[in-house]
Amino acid sequence: MSKDNIFQAHETAVIDEGCSIGAGTRIWHFCHIMTGSKIGENCNLGQNVVVSPGVVLGNNVKVQNNVSIYTGVICQDDVFLGPSMVFTNIVNPRSAVVRKDRYVRTMVGKGATIGANATIVCGNDIGPWAFIGAGAVITKAVKPYALVAGNPARQIGWMSEYGHRLVFSEDGTAVCPESGKKYRLENDSVTREE
């Protein structure tokens with residue numbers, strides 16, 4: 001990888017003029033970073049990643065191999081995008097109909113994980129710390145801390161910020177087995193207690 005004072009990029013990566021890349025970010029083989037995209041600090045973009053114009057990636061975003069992040073996608077800090085997962089940005093695409101003025105925004109919240117080969121249908125936001133199972137197809141918004149899987153995806157549980165499935169007691173509390181942090185389930189929503 002070539003090195004400079006800001007970020008590292010493999011010699012096969014194509015980085016267009018007019019994009020922003022934060023310090024400590026690493027860009028691997030055959031990536032294409034397009035004009036007008038913004039990548040935060042300490043991100044890691046695996047092999048064969050495309051970042052389209054207008055995409056925003058926060059700090060410490062991990063993008064695994066073969067992911068295309070299309071215009072309209074915003075990922076907050078600490079997001080994990082699994083290998084070959086898919087974003088869309090047009091609800092009704094047709095080859096013969098130009099709809100570049102109709103891209104739909106999709107927000108991926110802080111700390112969310114999207115598993116390998118999952119598909120996110122545009123306009124369905126992913127809440128902070130949500131966990132999307134491998135191969136899931138997201139057709140509606142996902143709540144913070146929700147664990148979803150399947151096609152179409154449905155919620156099957158809740159996850160901690162450390163990526164462990166939460167088991168709630170009768171009083172609506174759960175403890176992450178790794179971090180020891182406590183979570184509360186009320187009105188079908190989870191929050192982490194301070």
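Residues considered: G157, G180, G135. Of these, the only one that is under 19 Å from T113 (Cβ atoms) and either outside any strand (DSSP E or B) or of a type in the set (A, V, I, L, M, F, W, C) (or both) is G135.
For the range 113-133, the tally of residues that are surrounded by fewer than 24 Cβ atoms within 10 Å (Cβ to Cβ) and under 29 Å from K100 (Cα atoms) stands at 12. Looking at the structure I just gave you, is V148 in a loop (DSSP other than H, G, I, E, B), of a type in the set (A, V, I, L, M) and out of contact with any Pro (no Cβ under 7 Å at 6 or more places or on another chain)? So V148 fails the test.
Please count how many residues of the range 3-35 are assigned to a loop (DSSP other than H, G, I, E, B) and exposed (fewer than 15 other Cβ atoms within 10 Å of the Cβ). Talk me through it step by step, then tell me what you get.
Start the filter on the range 3-35 by keeping residues that are assigned to a loop (DSSP other than H, G, I, E, B), which leaves 4-7, 10-13, 16-19, 22-25, 28-31, 34-35.
Those still in the list that are exposed (fewer than 15 other Cβ atoms within 10 Å of the Cβ) too: 4-6, 11-12, 16-18, 23, 35.
Total satisfying the criteria: 10.
Taken over the range 92-132, the residue count meeting the criterion of being of a type in the set (A, V, I, L, M, F, W, C), out of contact with any strand residue (DSSP E or B) (no Cβ under 8 Å at 6 or more places or on another chain) and part of a loop (DSSP other than H, G, I, E, B) is 4.
Quick one: how many residues across the range 179-194 are loosely packed, with under 11 Cβ neighbours inside 10 Å and over 14 Å from K143 (Cβ atoms)?
So the first thing to find is which residues in the range 179-194 are loosely packed, with under 11 Cβ neighbours inside 10 Å, and the list is 180, 186-188, 193-194.
Still in the running and over 14 Å from K143 (Cβ atoms): 180, 193-194.
Count: 3.
Exactly one residue among G109, G123, G46 is closer than 23 Å to A23 by Cβ and of a type in the set (G, A, S), and that residue is G46.
Without any contact (Cβ under 8 Å) to a residue 60 or more places away in the chain and either of a type in the set (K, R) or surrounded by 24 or more Cβ atoms within 10 Å (Cβ to Cβ) (or both): which single residue out of V56, V79, V50, V67 fits that description? So that I can check it myself, show each step before the final result.
Working: V56 fails: either of a type in the set (K, R) or surrounded by 24 or more Cβ atoms within 10 Å (Cβ to Cβ) (or both); V50 fails: either of a type in the set (K, R) or surrounded by 24 or more Cβ atoms within 10 Å (Cβ to Cβ) (or both); V67 fails: either of a type in the set (K, R) or surrounded by 24 or more Cβ atoms within 10 Å (Cβ to Cβ) (or both).
On inspection, the qualifying residue turns out to be V79.
Values quoted throughout were computed directly from the atomic coordinates according to the rules given, and no laboratory measurement underlies them. Every value quoted in this text rests on a predicted model; they were computed, and no experiment measured them. Please note: Cβ atoms are built from the backbone with ideal geometry, for glycine as well, and neighbour counts cover all protein chains shown.
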